[in-house]
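Engineer: Encoded as structure tokens, here's the structure I'll be asking about.
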Amino acid sequence: MTTLSPEITMQFLYALRAQGVTDKRVLQAMERINRSTFVHYQNERAFDDVPLPINCGQTISQPSVVGLMTQALKVQPRDKVLEVGTGSGYQAAVLSQLARRVYTVERFSRLVSEAKAIFEQLDLGNITTVLGDGSFGLPDQAPFDRILVTAAAEDPPGPLLAQLKIGGIMVVPVGQSNAVQSLIKVTRSEDGYEYEELRDVRFVPLVEGIGRE
């Protein structure tokens, strides 16, 4: 992996902490994963705390949102994690530093190919990238300890809730695609699901089916 300069690293981590990312394991994971690898055509903005456009009309989330979502997920070293919406692969790469196994589902074949190439380049062997409709999860690999959704649904998708282990956590943006959404943390218990609203966010919509690119 490309090592960041001490100055860039310090500024990057300071900005994350200023936005509420304080979990040491999450900060260490984000220090190890160089965001510029995932936005290679916009390197000069790679460490700005802003979302950036990627191929297929999608975006790479701003680092502070990646950090806050990862922090809310409370990933443990033995966890099996499902990510819905691979995008550039940045979020999955961060999760790979925290979990035993990461499954990431993307509806655009071009993004799947690009993310796989980066994961191989970085030797991230604990990530499995799947072309598919992430709104239905991965039933063959369920249940999951943690589920992270990187696109906004009108409600937490039922198939994903069903694939969450008892005691598991899902983090998902919820709301209309053309408005500010709420980031929701869902914890599954023996008695059902507990919901906690974390903050306002803005994500691309969760779309069913396979994309054309």
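The values are calculated or read from the model by the stated rules, or taken from the named source; none is laboratory data. Model, not experiment: these values are computed from the prediction. For neighbour counting, all protein chains shown are included, and Cβ atoms are generated from backbone atoms with ideal geometry for every residue, glycine included.
Engineer: Taking the condition within 11 Å of the chain's Cα centre (by Cα) and either over 25 Å from Arg188 (Cα atoms) or at pLDDT below 90 (or both), does Ile8 pass?
Structural biologist: Details: within 11 Å of the chain's Cα centre (by Cα): no; either over 25 Å from Arg188 (Cα atoms) or at pLDDT below 90 (or both): yes.
Judged against the criteria, Ile8 is not a match.
Engineer: With the structure loaded, tell me whether Ala18 is modelled with pLDDT of 90 or more and not aromatic (Phe, Trp, Tyr) or whether it fails that test. Explain how you work it out, then say what you get.
Structural biologist: Details: modelled with pLDDT of 90 or more: yes; not aromatic (Phe, Trp, Tyr): yes.
Yes; evaluated as a whole, the condition is true for this residue.
Engineer: Continuing with the same structure: Within the bounds of region 162-169, is there any residue that is touching a residue at least 60 places away in the same chain (Cβ under 8 Å) and part of a strand (DSSP E or B)? Quick ask: steps written out before the conclusion?
Structural biologist: Within region 162-169, the subset touching a residue at least 60 places away in the same chain (Cβ under 8 Å) is 163, 169.
Among the residues that remain, those that are also part of a strand (DSSP E or B) are: 169.
Yes; the residues of region 162-169 include at least one that is touching a residue at least 60 places away in the same chain (Cβ under 8 Å) and part of a strand (DSSP E or B).
Engineer: For Val26, indicate whether it is surrounded by 13 or more Cβ atoms within 10 Å (Cβ to Cβ), outside any helix (DSSP H, G or I) and modelled with pLDDT of 95 or more.
Structural biologist: Here the answer is no, as Val26 does not meet what is asked.
Engineer: Now for a different question. Being part of a strand (DSSP E or B), modelled with pLDDT of 95 or more, farther than 15 Å from Val102 by Cβ and among the aliphatic types (A, V, I, L, M): is that true of Val186 here? Working first, answer last.
Structural biologist: Numbers: part of a strand (DSSP E or B): yes; modelled with pLDDT of 95 or more: yes; farther than 15 Å from Val102 by Cβ: yes; among the aliphatic types (A, V, I, L, M): yes.
In short, yes.
Engineer: Sort through Glu31, Glu83, Glu44 and tell me the only one that's without any contact (Cβ under 8 Å) to a residue 24 or more places away in the chain and either under 26 Å from Pro205 (Cβ atoms) or not in a strand (DSSP E or B) (or both). Break it down stepwise before answering.
Structural biologist: Values: Glu31 fails: without any contact (Cβ under 8 Å) to a residue 24 or more places away in the chain; Glu83 fails: without any contact (Cβ under 8 Å) to a residue 24 or more places away in the chain.
The match here is Glu44.
A quick yes/no check of all residues on (1) touching an Asp or Glu at 6+ places or on another chain (Cβ under 9 Å); (2) under 28 Å from Ser109 (Cα atoms); (3) of a type in the set (Lys, Arg):
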site	(1), (2), (3)
Leu148	yes, yes, no
Asp155	no, yes, no
Leu161	no, yes, no
Lys165	yes, no, yes
Ala179	no, yes, no
Lys185	yes, no, yes
Phe203	no, yes, no
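Engineer: Of all strands (runs of 3 or more DSSP E) completely enclosed by region 90-158, which ones contain at least 2 residues that are under 18 Å from Met69 (Cα atoms) and touching a residue at least 12 places away in the same chain (Cβ under 8 Å)?
Structural biologist: Numbers: elements: 101-106, 127-131, 144-149.
Strands (runs of 3 or more DSSP E) meeting the threshold: 101-106, 144-149.
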